[in-house]
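**Student:** The structure that follows is given in the form of structure tokens.
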Amino acid sequence: MLSFEKRDFPFYDENPRMSKIGWLVLLVSVPVALFSFRYVDFYTNEFAGSICFLLIMLIPLLYFSDWDYSLFFRKPTKDELILAVVMFLAFFIYSFIMSNLLDASGLASIASGEENIISIISLVFSMMAEELMKFIPLMFLLRVLFKYTSNRRLSIMLSSAVTLVFFALIHLEPGVSLLSVLLIQGLGSIFHLYVYLKTKNLFASYLSHLMTDAFVLIMAMFGIFAA
């Protein structure tokens, strides 16, 4: 039986309090970071784009949290690492089954991309950025819903559902079906999100997410399957 420290989510119960200006800046930082990533990636390179992607959200988050990084990150425990690996494997079982079902129904995505060592190195930054892209709206929605319902469990469930749909939609692009991103990037991300919900440690969910995308890219580089 895995055991985890008893910690709570930040902000939702004013623990600590996040100002309205802070929430506004954080919510705006999400689309700005995504746009900057694509812009910098297009005009410079993927590595520079991934760093901008991360810093545009991370710096405001730390600033409005009085630089208390312990609210979000800490060294993963052995049990947290085990959970991260288990959820990494669970995601692949789920995505394998779902991808085959989509393929059989003719709804599989047509993905394209050029995988190289720079892409893999860039994941170190971009995967943490993607975790923040889920974390910021998740905490905002949790704060709003808990404020008006006082029901912690319901607030977590609804916030998680909306966040996963949002995360799916940012992956929607030409050649990729809506159903595919909702089921793979959206619902599939519940495995990584579960790591955070269970541990309250973004570094643990980040490691699970990083293992997933790194594995996919490495396999794609060797032509085993498309990323």
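**Student:** Go through (1) of a type in the set (Asp, Glu); (2) in contact with a helix residue (DSSP H, G or I) (Cβ under 7 Å, 6 or more places away or on another chain); (3) over 21 Å from GLN185 (Cβ atoms); (4) open to solvent by 30 Å² or more (accessible area, probe 1.4 Å) and name the single condition GLU80 misses.
**Tutor:** (4)
**Student:** Among the residues of the stretch 192-213, is any under 16 Å from the mean Cα position of the chain (by Cα) and outside any helix (DSSP H, G or I)?
**Tutor:** Yes: the stretch 192-213 contains one or more residues that are under 16 Å from the mean Cα position of the chain (by Cα) and outside any helix (DSSP H, G or I).
**Student:** When residues of the stretch 153-189 are filtered for being touching a residue at least 40 places away in the same chain (Cβ under 8 Å), more than 25 Å from PHE92 (Cβ to Cβ) and either open to solvent by 70 Å² or more (accessible area, probe 1.4 Å) or not β-branched (Val, Ile, Thr) (or both), how many remain?
**Tutor:** The total comes to 1.
**Student:** Just name the residue that is nearest to TYR69 (Cα to Cα) out of those in the stretch 10-27 that are assigned to a loop (DSSP other than H, G, I, E, B), touching a Phe, Trp or Tyr at 6+ places or on another chain (Cβ under 9 Å) and not hydrophobic (A, V, I, L, M, F, W, C).
**Tutor:** Among those residues, the one meeting the criterion is PRO10.
**Student:** Kindly indicate the residue of the stretch 1-46 that is among the acidic types (Asp, Glu) and free of Cβ contacts under 8 Å to residues at least 12 places away in the same chain and also farthest from MET128 (Cα to Cα) among those meeting that condition.
**Tutor:** Here the answer is GLU14.
**Student:** Looking at the stretch 130-146, can you tell me whether even one residue there is open to solvent by 30 Å² or more (accessible area, probe 1.4 Å), over 30 Å from PRO16 (Cβ atoms) and assigned to a helix (DSSP H, G or I)?
**Tutor:** no
**Student:** Let me ask something additional. Would you point out the residue of the stretch 28-73, among those that are open to solvent by 30 Å² or more (accessible area, probe 1.4 Å) and not in a helix (DSSP H, G or I), that is modelled with the lowest pLDDT?
**Tutor:** THR44
**Student:** Moving on to the next point. Would you confirm, using the coordinates I've provided, whether SER95 is open to solvent by 40 Å² or more (accessible area, probe 1.4 Å) and either at pLDDT below 95 or of a type in the set (A, V, I, L, M) (or both)?
**Tutor:** When the stated conditions are applied, SER95 does not pass them.
The values are calculated or read from the model by the stated rules, or taken from the named source; none is laboratory data. Treat the numbers as computed from the prediction; the structure is a model and nothing was measured. Positions of Cβ are backbone-derived with ideal geometry, glycine not excepted, and every protein chain shown enters the neighbour counts. To get the accessible areas, we keep the full protein, side chains included, count just its heavy atoms, and leave off ligands, DNA and RNA. Shrake-Rupley method; radii C 1.70, N 1.55, O 1.52, S 1.80 Å.
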